[in-house]
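Okay, so here's the structure we're looking at.
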Protein chains: 6
Amino acid sequence: MRSHPPDQEHTDEHMIKVEVNLDDTPGEWLGFVMDKLFEAGANDVYYTPIYMKKNRPAVQLQLLCSQTKFEEIKQIILSETTTLGIRYYPITVFRMERRTRVIETEYGNITVKEGLQDHQVIKSSPEYEDCKQLAEKHNVPLKDVYASVWRELK
Amino acid sequence: MRSHPPDQEHTDEHMIKVEVNLDDTPGEWLGFVMDKLFEAGANDVYYTPIYMKKNRPAVQLQLLCSQTKFEEIKQIILSETTTLGIRYYPITVFRMERRTRVIETEYGNITVKEGLQDHQVIKSSPEYEDCKQLAEKHNVPLKDVYASVWRELK
Amino acid sequence: MRSHPPDQEHTDEHMIKVEVNLDDTPGEWLGFVMDKLFEAGANDVYYTPIYMKKNRPAVQLQLLCSQTKFEEIKQIILSETTTLGIRYYPITVFRMERRTRVIETEYGNITVKEGLQDHQVIKSSPEYEDCKQLAEKHNVPLKDVYASVWRELK
Amino acid sequence: MRSHPPDQEHTDEHMIKVEVNLDDTPGEWLGFVMDKLFEAGANDVYYTPIYMKKNRPAVQLQLLCSQTKFEEIKQIILSETTTLGIRYYPITVFRMERRTRVIETEYGNITVKEGLQDHQVIKSSPEYEDCKQLAEKHNVPLKDVYASVWRELK
Amino acid sequence: MRSHPPDQEHTDEHMIKVEVNLDDTPGEWLGFVMDKLFEAGANDVYYTPIYMKKNRPAVQLQLLCSQTKFEEIKQIILSETTTLGIRYYPITVFRMERRTRVIETEYGNITVKEGLQDHQVIKSSPEYEDCKQLAEKHNVPLKDVYASVWRELK
Amino acid sequence: MRSHPPDQEHTDEHMIKVEVNLDDTPGEWLGFVMDKLFEAGANDVYYTPIYMKKNRPAVQLQLLCSQTKFEEIKQIILSETTTLGIRYYPITVFRMERRTRVIETEYGNITVKEGLQDHQVIKSSPEYEDCKQLAEKHNVPLKDVYASVWRELK
């Protein structure tokens, strides 16, 4: 559907937002469901605490996926949770131009994801997995590894 | 609008999702509002905790209803809460084929709601109200009554 | 333990706060558990959304009870939920002097609970159940019934 | 786009609902972001607690704005938060007829916002800022100032 | 301090509950912190959404640990988060008698954790990790694996 | 009670944690209450969303204060909210050694709060109010001002 390179700034009009209310699925299963949904290509999966009828603390599952993934995603939700229905609606996603570069820090190399507008970098996020590995390797706080990246960014 | 039997698998494209932010309605009233909205035919009514301006812990009321119920639902919200406005958007609902059957357990008969795909049962939920009544009648934990259903399902 | 009349201002030093984290009890059961705990004499029972390990949205049950009720309350939690443990600690409760009086409104009589300090009324809460019944009887919004009380209070 | 006076009852079909998930923006920045978004003309801005992947407690920013404000709002979100994308969809807003009037109370004059249907007042909300100022000026509880308004409303 | 076997019913009076409010630690770091705290021997670690001053959506970290682990736990919190202080208080933990046994199901062997009172099993929880592995191995829904256990329990 | 300088590392054993459940106080009032409690010397005030009986979404107010402030704090809660009772328990607070210093950045001077252990700085937090003012003065994103501090810290 889209012909632009996915890392350029673009507006994607073919996404679907899905939501499901769950009051009889144990929380224990929901971590598993989240992993399966990401593996199936959901772009975003998250839970919100909700209050349902009959004094039930419950959970709303929400996710974002492309139209082409929707059928597979739907099957996972129907198989893995206790719901008998799924709600959805079209949603538009604007995405900034993205680029990665590698920064040398005192702890090792760390990939930084950059967001650009008009080809100017306006934000930089160190990759969590890189930082986590270096924090474990050097046995230093995670926040010191992040700080080592921030010092290198200018 | 729909000619299919409501318990067959179908996709309903005439539903509306309604949402209202409430920062000056006491929580005490909101249980009452939920009951009234269900009585008026809302399919789902639930609350989410939200954070509003000026440090106000507040509540978002969300509900799902068919287009034909919308006007009545709107009136209830305007009458019973303190909001001056209501937001809404169309939402599509996929519903599995549903069927009920009655299971005999050691505690008595319990209705089980089944969800089917391709005419295969892929999920079974004991009816909460049946289980609750039997738990109270036999003075046993609710979870033992549910367990008695699961043992019978194969 | 206490010799003062329970509706006089007093500080109760024999209360216990109980908390339990639940990540594999379905929300559907938790409304039932709350009712049982109130019936057994818990003074306050409430749920908080929490985030547990392995990406599990979960629920914390908290309640307040007197030391004399604790054993019975503990049994209900162990029987009705999936937890294998219960945490608790002593907590002190200050309670205002309380009094009720009945107010005549255009919809009927409504009990008002009053809180006093130095024998002065400093707060007045209409009883929810009274207001609810009158709202249903007269088919008016609940908030109009509350408003009818506030007009009478001076 | 609209020709009706904004305070008359109307249905506005040119609004946009925006949502952004934030798992690496410190909470400290989010109060600031909320203020900026209101200043730029967002009609409603609020946060919801969410559970994201990798056990991250996170926050969803949601807001409502007119189509004409959308570009400016988008720029603020991209500049002030850490997100690389923004999701949005059209939403319809029904707004009651609104009117204000000033009430004389024992503490001073207070503006009351009224909501009307069929030209009948069906709700009245004292302006928070007025009540707050009078509570501070007279050094009385905020709830006494609200109560002074309710007594005057009939 | 304790001489009883840890899997027998007992009341542990040497536990500490720790809590920390975090409004400037990104959510991204908090999954990492949770892992480190469990590795250091915390018995329970969880997050609660809270509302702090200046409109900040924030997070409360809570955990339970034995007195002997407290110093190590404290060091992790001070190193890995942005807080300058830690609050704590003693808490008592009642723990049921626990036992595990292995159940043969159609998908393979699954460990079940049992909770006992007066040497009677009153609850049985299939081990999540066992169920997850079998669900992945057989490519069936996780809930089917749990159901296979429940059928075997009587 | 304490003779040590308050900014040195110390453990304060004379603090009180207070909690109140609120299901009939409008959210609108709660921002005001938070401000009053901070002014009266509470060290920390925050709200948590809770689920109370009768399907009521509600709010728990929690705060931390020294024993010497408790009576004044209690009066504010009783006057400003709708509760008739207050729960509390002693809590211990460990506080790191604290120090501030001023950093010169490209946007101006910014105070940084430092936390020390064994006289080593292990964390540094730019003061939010300083950063906010400079962001407004220079009309740049708040996060750029924070970044300017991080670059100067080594």
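The values are calculated or read from the model by the stated rules, or taken from the named source; none is laboratory data. Since the structure is predicted, the reported quantities are computational estimates derived from the model, not experimental observations. Neighbour counts run over all protein chains shown; Cβ positions are idealised from the backbone, glycine included. The area values use the complete protein model at the heavy-atom level, side chains included, leaving out ligands, DNA and RNA. Shrake-Rupley method; radii C 1.70, N 1.55, O 1.52, S 1.80 Å.
Can you find even one residue in the range C:68-75 that is modelled with pLDDT of 95 or more, in contact with a helix residue (DSSP H, G or I) (Cβ under 8 Å, 6 or more places away or on another chain) and open to solvent by 30 Å² or more (accessible area, probe 1.4 Å)? Within the range C:68-75, none of the residues are modelled with pLDDT of 95 or more, in contact with a helix residue (DSSP H, G or I) (Cβ under 8 Å, 6 or more places away or on another chain) and open to solvent by 30 Å² or more (accessible area, probe 1.4 Å).
Could you list all residues from the range F:99-111 that are touching a residue at least 40 places away in the same chain (Cβ under 8 Å) and farther than 20 Å from residue E:86 by Cα? F:103, F:104, F:105, F:106, F:107, listed by residue number. Of the residues A:127, A:114, A:152, which single one is within 12 Å of chain F (Cβ to nearest Cβ) and in contact (Cβ under 8 Å) with a residue 12 or more places away in the chain? Among A:127, A:114, A:152, only A:152 is within 12 Å of chain F (Cβ to nearest Cβ) and in contact (Cβ under 8 Å) with a residue 12 or more places away in the chain. Across the range E:50-63, which residue is nearest to the other protein chains (Cβ to nearest Cβ) among those that are closer than 22 Å to residue E:12 by Cβ and open to solvent by less than 10 Å² (accessible area, probe 1.4 Å)? Per the criteria, the residue is E:61. Residue selection: residue E:45 satisfies the criterion of being at pLDDT 95 or above, assigned to a strand (DSSP E or B), buried (at least 23 other Cβ atoms within 10 Å of the Cβ) and within 14 Å of the chain's Cα centre (by Cα). Being at pLDDT below 95 and within 30 Å of residue B:61 (Cα to Cα) is the requirement here; does residue B:148 meet it? Considered against the rule, which asks whether it is at pLDDT below 95 and within 30 Å of residue B:61 (Cα to Cα), residue B:148 comes out as no. Of the residues making up the range E:99-111, those that are touching a Ser or Thr at 6+ places or on another chain (Cβ under 6 Å), more than 11 Å from every other protein chain (Cβ to nearest Cβ) and under 30 Å from residue A:72 (Cα atoms) are E:105, E:107.
Selection within the range D:17-32: residues that are part of a helix (DSSP H, G or I) and in contact with a helix residue (DSSP H, G or I) (Cβ under 8 Å, 6 or more places away or on another chain). The member of this set that is modelled with the lowest pLDDT is D:28.
So that you can scan it fast, the table gives a plain yes or no per residue for (1) more than 30 Å from residue F:90 (Cβ to Cβ); (2) in contact with a strand residue (DSSP E or B) (Cβ under 6 Å, 6 or more places away or on another chain); (3) among the basic types (Lys, Arg):
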site: C:94; (1), (2), (3): no, yes, no
site: C:108; (1), (2), (3): yes, no, no
site: C:124; (1), (2), (3): yes, yes, no
site: C:130; (1), (2), (3): yes, yes, no
site: C:134; (1), (2), (3): yes, yes, no
site: C:137; (1), (2), (3): yes, no, yes
site: C:149; (1), (2), (3): yes, yes, no
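So is residue F:92 out of contact with any Cys (no Cβ under 6 Å at 6 or more places or on another chain) and open to solvent by 20 Å² or more (accessible area, probe 1.4 Å) or not? Judged against the criteria, residue F:92 is a match.
Taking every residue in the range A:38-65 that is on the phi > 0 side of the Ramachandran plot and in the same structural domain as residue A:83 (by TED's automatic domain parsing) and pairing it with any residue that is open to solvent by 10 Å² or more (accessible area, probe 1.4 Å) and part of a loop (DSSP other than H, G, I, E, B), at least 6 positions away or on another chain, the pairs with Cβ-Cβ distances below 7 Å are A:55/F:53; A:55/F:55. Find the residue count for the range F:127-143, including only residues that are within 17 Å of the chain's Cα centre (by Cα) and at pLDDT below 95. Selection size over the range F:127-143: 0. Taking residues in the range D:74-98 that are farther than 14 Å from residue D:60 by Cβ and within 14 Å of chain F (Cβ to nearest Cβ), and partners anywhere that are of a type in the set (Val, Ile, Thr) and open to solvent by 20 Å² or more (accessible area, probe 1.4 Å), the pairs with Cβ atoms closer than 9 Å and at least 6 places apart or on different chains are D:78/A:122; D:79/A:122; D:79/F:140. Looking only at the range E:117-129, residues that are within 16 Å of residue B:151 (Cβ to Cβ) and open to solvent by 30 Å² or more (accessible area, probe 1.4 Å) come to 2 in all. Being hydroxyl-bearing (Ser, Thr, Tyr) and assigned to a strand (DSSP E or B) is the filter here, so list the residues in the range B:117-129 that pass it. Once the filter is applied, which keeps residues that are hydroxyl-bearing (Ser, Thr, Tyr) and assigned to a strand (DSSP E or B), the range B:117-129 yields B:124, B:125.
Selection of the range C:32-42 for residues being surrounded by fewer than 23 Cβ atoms within 10 Å (Cβ to Cβ) and facing chain A (nearest Cβ under 9 Å) yields C:32, C:35.
Among the conditions (1) out of contact with any Leu (no Cβ under 7 Å at 6 or more places or on another chain); (2) farther than 30 Å from residue C:144 by Cβ, residue B:84 misses just one, which is (2). Looking at residue D:78, is it buried (at least 19 other Cβ atoms within 10 Å of the Cβ) and not in a strand (DSSP E or B)? In short, yes. For the range A:130-149, filtered to residues that are open to solvent by 70 Å² or more (accessible area, probe 1.4 Å) and assigned to a helix (DSSP H, G or I), the residue that is nearest to the other protein chains (Cβ to nearest Cβ) is A:136. Would you mind stating whether residue A:50 is in contact with a Ser or Thr (Cβ under 6 Å, 6 or more places away or on another chain) and part of a strand (DSSP E or B)? Spelling it out, residue A:50 is indeed in contact with a Ser or Thr (Cβ under 6 Å, 6 or more places away or on another chain) and part of a strand (DSSP E or B).
For the residues D:114, D:129, the requirement of being among the charged types (D, E, K, R) and more than 24 Å from residue F:77 (Cβ to Cβ) singles out D:114.
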